[in-house]
1. Based on Cβ point charges of +1 for Lys and Arg and -1 for Asp and Glu, what charge dipole magnitude is obtained for the chain about its Cα centre, in debye rounded to the nearest 20?
2. Would you work out the charge dipole size for the range 292-504 about its Cα centre, treating the Cβ of every Lys and Arg as +1 and the Cβ of every Asp and Glu as -1, and quote it to the nearest 20 debye?
3. For a test of the definition: using alpha carbon positions, the gyration tensor, and the 1.5 limit on a/c, classify the range 352-473 as rounded, prolate or oblate.
4. Mind pulling the angle between the C-alpha long axis of helix 404-416 and the longest principal axis of the chain? Nearest 10 degrees, somewhere in 0 to 90.
5. Answer with one residue from Ile101, Ala223, Pro263: the one whose Cα lies farthest towards the positive end of the charge dipole of the chain, charges on Cβ with Lys, Arg +1 and Asp, Glu -1.
6. Nearest 20 debye, what's the magnitude of the dipole of the range 231-323 about its Cα centre given +1 on Lys and Arg Cβ and -1 on Asp and Glu Cβ?
7. Projected area of the chain, taken from the Cα convex hull and averaged over every viewing direction, in nm²?
8. Taking amide H positions as placed 1.01 Å from N in the peptide plane, with prolines and chain starts having none, which residues 5 or more places from Leu90, or on another chain, fall under 5 Å of its amide H?
Amino acid sequence: MAALMNTTMARLRDSFSLPGEVRVPGYSRSQTGIGIVHLGIGAFHRAHQALYTEEVLENSGGNWAICGVSLRSPKVRDQLAPQDGLYTLLERDGSGDRMRIIGAVREVLFAPESPETVLERMSTPETRIVSLTVSEKGYCHDPATGKLNTDHPDVQHDLRHPDCPRGALGFLVEALRLRKESGLPGFTVLCCDNLPENGRAVRGLVLEFAEWRDPKLANWIEANATFPCTMVDRIVPATTDVDRDSVARSFGIRDEGVVVGEPFRQWVIEDRFVCGRPVWEKVGAELVEDVRPYETMKLRLLNGTHSTLAYLGYLAGYEHVSDVMERLEFVKLLRAMMAEEIAPTLQMPAGVELTAYQAALLVRFSNPALKHRTWQIAMDGSQKLPQRLLGTIRDRFASGLAFPRLALAVAGWMRFVVGRDEQGHPLEVCDPLAEQFRQIAEETGMLRDDVLDTACAEAYVHRLLALRPIFGDDLPAVPEFATAVMTAFQQLLEVGVSEAVRRSA
């Protein structure tokens with residue numbers, strides 16, 4: 001009823017006044033030019049990089065406003081365009097909610113409707129940075145090798161129709177070509193997705209894509225664009241109608257663009273920008289020479305354990321991460337996994353306290369005010385496993401060390417993608433390889449007439465391990481790896497998730 005009533009309220013706009021305790025943009029938005037184009041303007045970008053940029057605009061000024069681009073859905077454009085790009089950031093923890101209005105996003109475009117407008121914005125001289133949060137699958141690559149997947153439909157389309165791209169790589173390369181033809185410098189490509197050495201990875205994919213189009217263009221991009229690596233960290237669950245209603249009750253104005261985040265945030269960036277940048281270091285970002293240690297720490301300790309919680313927690317019947325963290329056996333599993341299997345693989349700069357970071361993660365995961373769905377985190381596992389879990393396993397194996405808890409996490413993913421929970425109810429597997437997973441489950445007999453047949457577990461596990469885009473060529477050839485995962489998978493089937501977790505903790 002509340003949601004229905006609030007839809008009749010006026011929408012958030014620049015001209016509206018808000019309660020005095022709500023922080024609003026403290027600068028002239030109309031006088032602030034756009035200097036950043038962001039591809040993939042979802043909730044995470046608006047709760048993270050846009051917030052840092054907002055604080056720069058307030059404190060230091062500059063023409064660094066953001067043009068946000070949606071590549072797949074008009075949803076964010078439809079939310080923000082009627083609101084002049086404004087939206088509420090709701091920071092939430094056990095002590096309550098804190099709200100502020102973000103004004104850094106000046107323009108929102110939906111690429112499929114007008115790719116030429118997006119390319120024009122990217123290739124204008126005022127645009128100096130193109131940043132991205134398009135998720136791992138948005139780069140059309142082979143996660144195991146990092147190479148361009150030239151069979152991907154977006155890659156095929158964008159090579160055939162370069163002036164009308166639909167993928168992130170197609171937009172980047174065509175915009176850089178337009179700048180080259182206009183005699184303009186390149187721009188900085190700032191990847192903020194969870195890829196190992198993300199800047200270097202995207203640089204390689206852009207150059208590979210450009211090489212297919214024109215080797216001279218690839219050479220120009222190599223010489224005129226920069227691709228800094230970054231590490232981003234903030235837990236940002238999906239916004240719900242309850243969140244929007246809460247803001248509407250506080251403001252008396254409807255905001256369809258609400259985003260929710262935890263208080264913690266971190267951004268580590270390599271300081272390599274070809275056309276300048278905002279002074280993000282003045283608002284808490286860390287500008288460093290080498291981001292790799294920070295990135296590996298976050299991917300393995302935060303993202304790896306987050307995925308572990310997601311697969312095992314969802315299968316055990318828990319909807320939210322904080323619900324899982326109320327179970328002592330899961331907390332013990334994560335604590336041991338981080339301290340005994342993950343942390344020993346990390347080499348951090350002086351001053352970084354890994355023990356404190358691990359303790360903070362357990363507190364952050366337990367935040368009862370953040371309703372972060374386990375199913376949401378479990379999405380797109382085929383794209384996430386290589387960097388979140390498998391890299392750590394490779395390092396453990398190379399050092400002759402065991403990895404039973406990491407093997408349980410991989411087995412949890414395998415159990416999840418069968419498509420049935422512990423009660424036999426269907427669960428939605430949202431993954432680029434979802435149809436292939438179902439085919440494997442059916443062909444091996446693991447899923448027979450929508451019922452699990454545990455006698456076929458070994459065949460099912462070995463078929464999944466043969467998926468080269470996930471496991472590469474090396475891990476399937478390691479008998480100890482296959483044995484560890486098979487043992488963990490059998491245990492999940494025989495005693496259930498909660499008991500398997502308790503035994504592994």
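The numbers here are math on the coordinates, done by the rules we state, and not lab data. Note that this is a predicted model, so its numbers are computed, not measured. Here the Cβ positions follow ideal geometry from the backbone for every residue, glycine too, while neighbour counts run over all protein chains shown.
1. 720 debye
2. Rounded to the nearest 20 debye, it is 720 debye.
3. oblate
4. Once rounded, the angle reads 80 degrees.
5. Result: Ile101, furthest along the dipole toward the positive end.
6. Dipole magnitude for the range 231-323 comes out near 100 debye.
7. Over every viewing direction, the Cα hull of the chain projects on average to 23.8 nm².
8. Val259, Val260, Gly261
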